[in-house]
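Written out below as structure tokens is the structure these notes cover.
Each value in this text was obtained by applying a stated rule to the coordinates, not by laboratory testing. A quick note: this is a predicted structure, and the numbers were derived from the prediction, not measured. All Cβ positions, glycine included, derive from the backbone under ideal geometry; neighbour counts span all protein chains shown.
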Amino acid sequence: MSKWCRIVCDTRQGIRECLLELPAEATIAEALEAARLVLGEAADWDSAATGIYGREYARQHVPSDGDRIELYRTLQLDPRSSRRARAAKASARTRR
């Protein structure tokens, strides 16, 4: 028996994805190895955080048929800090 999973990774060039047929007992790690052959070396396959539909899961987790396995890249900036800095800059401009 097999299952279908979509593997999605966020790269500097944009979102890359593929749809793979995997053995029913395949883990996230095994799915990522298969996706690496299709998508190439654009992502950090070995150490990036992984998840399913936005919820983080370990690489040993066995996904279900139809799951969207996601490979996350680290953020260059903290979104909250960036937003606060923009707001402070805009506030300073309006006070002048």
- Query: Within the chain, which is the longest segment containing none of the GluC sites (Glu not before Pro) that sit in a DSSP loop and have at most 15 other Cβ atoms within 10 Å?
  - Reply: 42-96
- Check THR11: other-chain or 5+ apart residues with amide H under 5 Å from its amide H, H built from backbone geometry? ARG16
- Message: As a test of the formula, what do you get for the chain when each DSSP H run with n ≥ 4 contributes -39,500 (n - 2.57) and the sum is divided by the residue count, at 222 nm and rounded to the nearest 500 deg cm²/dmol?
- Response: -10000 deg cm²/dmol
- Zone of GLU25's modelled label, taken as backbone nitrogen in region 36-60 under 17 Å from a point 7 Å along Cα→Cβ: 60
- Note on the structure: Ordered by number, the chymotrypsin sites (Phe, Trp or Tyr not before Pro) in region 11-88 that occupy a DSSP loop and have at most 11 other Cβ atoms within 10 Å are TYR53
- Note on the structure: Taking Cα atoms, the helix 79-95 axis meets the longest principal axis of the chain at an angle in degrees (rounded to 10) of 20
- Message: Tell me the label only: which of (1) 13.1, 42; (2) 21.5, 70; (3) 18.0, 68 is Rg and Dmax of the Cα atoms in Å as calculated from this structure?
- Response: (3)
- Message: Please list, in order along region 53-67, the HN-Hα scalar couplings obtained from phi with the Karplus expression 6.51 cos²θ - 1.76 cosθ + 1.60 (θ = phi - 60°), rounded to whole Hz, x for Gly and Pro.
- Response: 6, x, 10, 5, 9, 6, 5, 7, 5, 9, x, 8, 4, x, 5
- Query: Of ILE15, ILE52, ILE28, ILE7, how do they rank once you tally other Cβ atoms within 10 Å and put the fewest first?
  - Reply: ILE15, ILE52, ILE28, ILE7
- Out of residues 5 or more away from TYR57 or on other chains, whose amide H comes under 5 Å of its own, with H placed 1.01 Å from N in the peptide plane? THR50, GLY51, ILE52
- Note on the structure: So, relative contact order of the chain in percent, Cα under 8 Å, 6 or more apart, is 31
- Note on the structure: Exposure-ranked with fewest Cβ neighbours within 10 Å first, VAL62, VAL38 stand as VAL38, VAL62
- Task: Report the extension gain between SER2 and GLU17 in nm, rounded to one decimal, defined as 0.36 nm multiplied by the number of residues separating them, less their alpha carbon distance.
- Result: 3.5 nm
- Task: Would you work out if region 9-60 is rounded, prolate or oblate? Take a ≥ b ≥ c from the square roots of the eigenvalues of the alpha-carbon gyration tensor; rounded if a/c is under 1.5, else prolate when a/b is larger than b/c, oblate otherwise.
- Result: oblate
- Query: Can you give the angle from 0 to 90° between the axis of helix 28-39 and the longest principal axis of the chain, with both taken from C-alpha atoms, to the nearest 10?
  - Reply: 80
